[in-house]
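Below: the structure, in structure tokens.
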Amino acid sequence: MERGTAPKRLLQRPRIAKHGFAPHGVNFKRVIPVRERMAFGAVRGKTVKLESPDGPVSGHLAVPKTGSGPGILALHAWWGLNDFFKDFCNRLATAGFVAFAPDLYHGPVASTIEQADKLSSSVRPEIGRSDVAKSVKGLRAHPSVRGNRVGVIGFSFGAWWALWAAQEIPADIAAVVVFYGTSDGDFAKTRAAFL
């Protein structure tokens, strides 16, 4: 091999592990096509008013091209419902989920830490609780959602609300994933799986 050249094996396209090497519960037949769909069949959601039994809530809804899938509620960080969180919903829909991200700030989006701090501090608890509960109920009732319970993914500010939902409406929440966020409370009555 000449000096300064990479071995041929490093220049080849990476291989995906065979089924025998998958972590427990991972089905590579399901995972591998997602990569291809991400590149060629990406879903583009839209801003909607999601109807719930308790009234509408505004946010970004993305439905998979198959027309249905499990429901995932994506709760934004203190920045607000910006393009990152909208694209996150689109990626979830591309992977086969019906994803909804409510706009917990009702319009504004922060671009600085100071703005984000001000926005997150301005959310009245009763309005936040109402928006999250309406989002869960509206997503469960959406005709494209399969199953009786939804998953919730929360980032920072949204992580706190995800944990609140798991405690306060446990019958509706199947799973919770939190990114850099926490909350105290009584988790004894929750029925969700946590990550």
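In what order do Val43, Val109 fall by count of nearby beta-carbon atoms within 10 Å, going from fewest to most?
Working: Val43 20, Val109 16.
Listed from fewest to most nearby Cβ atoms, that is Val109, Val43.
So which trypsin sites (Lys or Arg not before Pro) in the stretch 121-195 pass both tests, a DSSP loop state and at most 14 other Cβ atoms within 10 Å of the Cβ? Present the calculation step by step, with values, prior to reporting the outcome.
On the way: sites: Arg129, Lys134, Lys137, Arg140, Arg146, Arg149, Lys189, Arg191; in loops: Lys189, Arg191.
Within the stretch 121-195, the qualifying trypsin sites (Lys or Arg not before Pro) (loop, at most 14 other Cβ atoms within 10 Å) are Lys189, Arg191.
Give, in nm to one decimal, the length gained when the segment between Ser183 and Arg146 is fully stretched (0.36 nm per residue of separation minus the Cα-Cα distance).
Result for the pair: 10.4 nm of gain on full extension.
Stretched out fully, how many nm does the piece from Ile113 to Lys65 gain, at 0.36 nm a residue minus the Cα gap?
Length gained, Ile113 through Lys65: 13.7 nm.
Just the number, please: percent antiparallel of the DSSP beta bridges in the stretch 54-195, rounded to the nearest 5.
20
State the dimensionless ratio Rg/Rh of the stretch 45-194 (Rg: radius of gyration of Cα atoms; Rh: Kirkwood radius). Don't skip to the end; give the middle numbers.
On the way: Rg = 14.0 Å, Rh = 14.9 Å.
Looking at the stretch 45-194, the ratio lands at 0.94.
Set the bar at 25 Å for Cα to Cα. Now go through Lys86/Lys134; Lys46/Lys189; Lys118/Lys189; Lys49/Lys137; Lys65/Lys137 and name every pair that lies beyond it.
Lys46/Lys189; Lys118/Lys189
Convert each backbone phi in the stretch 47-52 into a coupling constant with the Karplus relation 6.51 cos²θ - 1.76 cosθ + 1.60 (shift: θ = phi - 60°), then list the ³J(HN,Hα) values in order as whole Hz, x for Gly and Pro.
Whole-Hz 3J(HN,Hα) from phi for the stretch 47-52: 7, 9, 9, 6, 7, 9.
Using modelled backbone amide H atoms (1.01 Å from N, in-plane), which distant-in-sequence or interchain residues come within less than 5 Å of Val176's amide H?
Val152, Ala193, Phe194, Leu195
Compute the separation of the alpha-carbon centres of the stretch 87-149 and the stretch 61-79 and state it in Å as a whole number.
9
Would you please give the FRET efficiency between Asn82 and Lys49, computed as 1/(1 + (r/R0)^6) with r the Cβ-Cβ distance and R0 = 25 Å, to the nearest 0.05?
Working: r = 19 Å, r/R0 = 0.76.
Once the sixth-power term is evaluated, E becomes 0.85.
So if each residue of separation counts as 0.36 nm, and I subtract the Cα-Cα distance between Ala171 and Arg124, what length gain in nm does that give?
14.5 nm
Each value in this text was obtained by applying a stated rule to the coordinates, not by laboratory testing. Computed from a predicted model, the values in this text were never measured in an experiment. Cβ atoms come from the backbone with ideal geometry, glycine included; neighbour counts cover every protein chain shown.
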